[in-house]
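The structure under discussion appears below in the form of structure tokens.
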Amino acid sequence: MKGKYSRICAGVLLLTAAGLSLTGCGGGQWETGERLQQAGGEQEAQMPPETDGTGKDGDDLIVVGLSQLGSESDWRIANTESYRSTLTAENGYYLLFENGQQKQENQIKALRNFILQGVDYIVVAPIVETGWDSVLQDARDAGIPVILADRMVSVEDDDLYTCYVGGNFVKESEDAGRWLADYLRQQGREEEEINIVTLQGTLGASAELGRTEGFGNVLKEHPNWHMLEIKSGDFTQAKGQEVMEYFLETYEDIDVVISQNDNMAFGAIDAIRAAGKTCGPDGEIIIISFDAVSAAFDCMLQGTINADFECNPLHGPLVDQIIKDLEAGKSVDKIQYVEETYFDTAMDLEKIKEGRMY
Ligand code: GYE
């Protein structure tokens, strides 16, 4: 265990001296809730202070600097909530949360601040894979372990991070491709020419790169499948709708939409309806999506999404376990994929939905 609060407050002095504005260290203590609220975004504002009433001494707490990339999707909100409910003072943590608002420069700045503050661990969900070498080198020089959560980085030296925990995006998407092949076979359409469009996530993000690659691998096996266009909707509902409107104006005959996350699929459904077309198992356009958040279950139940490939956002308990193992001097697996499955409208979705947390 390293020094906890004392290092944090020394870091704050340094930052203040450097003219950076930080609040929350009044009376020698940071207020986790305050810090979370400053991070902006609707979900942070709801977070209660977590250091109150625990009776724990600040020196016992493990300080975690968490750089979340944004709040662009339902998945992301569930992901943040998972950390919020796990990395609590009751569970031995002092959480410093920063929302990068979908900008890598904000995330790099957050990491640099965490390093100056001398946190015990950095957890980062990197918005894109490239551009992290220098700041991760600084973290290593400062002796701060970095846990990559949700998305990967592409760095010269893999020792710059301790481990990765998150989805296996290539696999999710290969599974989606194989599901489509099965579905078309069941409908007797395996020989038909199939026109596909893809709503891509944030370009250069692991979830985009992996899902594009995975589906591409299956696409190669089907000469009668035609990828008309792949275009980014940045993982948001608004952009998903905009790109789908463009697809519908540009291509007359779309058989399948691959949406690399649920929020873009929700936007696509609105665009399809507005264009007077239909989607889902009884509609003209097959929709395959990723994440499997609660609202996507509703879409499957209403018959607008055909299948959804789960990406599990509940990273809090996994990161908690990794940190506890590291604190106990144990080694941890470098790559830790979360458990994931898929859902389609042939399943008892009402029942499955009841037991889900997001
Ligand atoms: O699919 C999407 C979010 O990186 C797995 O990011 C995550 C993706 C998720 O915005 O909804």
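Of note:
- 3J(HN,Hα) along the range 210-223: x, 6, 5, 5, x, 5, x, 4, 6, 3, 4, 7, 10, x Hz, from the Karplus curve 6.51 cos²θ - 1.76 cosθ + 1.60 with θ = phi - 60°, whole Hz, x for Gly and Pro.
- Annotation for the range 157-202: GluC sites (Glu not before Pro) lying in DSSP loop with at most 10 further Cβ atoms inside 10 Å of their Cβ are GLU191.
- Listed values for the range 307-320 are Karplus-derived 3J(HN,Hα) couplings in whole Hz (6.51 cos²θ - 1.76 cosθ + 1.60, θ = phi - 60°), namely 8, 9, 9, 5, 10, 7, x, 7, 8, x, x, 6, 5, 4, and x replaces Gly and Pro.
- Cα gyration tensor shape for the range 127-223, rounded if a/c is under 1.5, else prolate or oblate: prolate
- Among LEU199, LEU326, the ranking by other beta carbons within 10 Å of each residue's beta carbon, starting with the fewest, stands as LEU326, LEU199.
- Greater than 29 Å apart at Cα, pairs in LYS171/LYS334; LYS220/LYS351; LYS103/LYS351; LYS231/LYS277; LYS330/LYS353; LYS231/LYS351: LYS220/LYS351; LYS103/LYS351; LYS330/LYS353; LYS231/LYS351
- Summary of packing: across the peptides 138-144, 66-72, the per-residue average of other C-beta atoms within 10 Å ranks them, highest first, as 66-72, 138-144.
- Under 5 Å, built H, 5+ apart or other chain: amide partners of VAL338: GLY166, GLY167, ASN168
- Neighbourhood net charge (11 Å Cβ-Cβ; Lys/Arg +1, Asp/Glu -1) for ILE122: -1
- Cα gyration tensor category, rounded, prolate or oblate, for the range 240-329 with a/c compared to 1.5: prolate
- Residues whose placed amide H lies under 5 Å from that of TYR94, excluding near-sequence neighbours: ILE62, VAL63, VAL64
- The range 220-298-the range 158-206 distance, computed between alpha-carbon centres (Å): 14
- For LEU69, the residues 5 or more places off, or on other chains, whose built amide H falls under 5 Å of its own are GLY100, ALA125.
- Distance from the alpha carbon centroid of the range 60-74 to that of the range 299-324 works out to 17 angstrom.
- The range 55-179 shape via C-alpha gyration tensor axes, a/c threshold 1.5: oblate
- Loop-located trypsin sites (Lys or Arg not before Pro) across the range 160-265 with a Cβ neighbour count of 11 or fewer within 10 Å are LYS220, with loop assigned by DSSP.
Throughout, read-outs are computed from the coordinates displayed, never taken from laboratory work. Computed from a prediction, not measured in an experiment: that's the story for all the values here. Glycine gets a Cβ as well: all are built from the backbone with ideal geometry, and neighbour counts include every protein chain shown.
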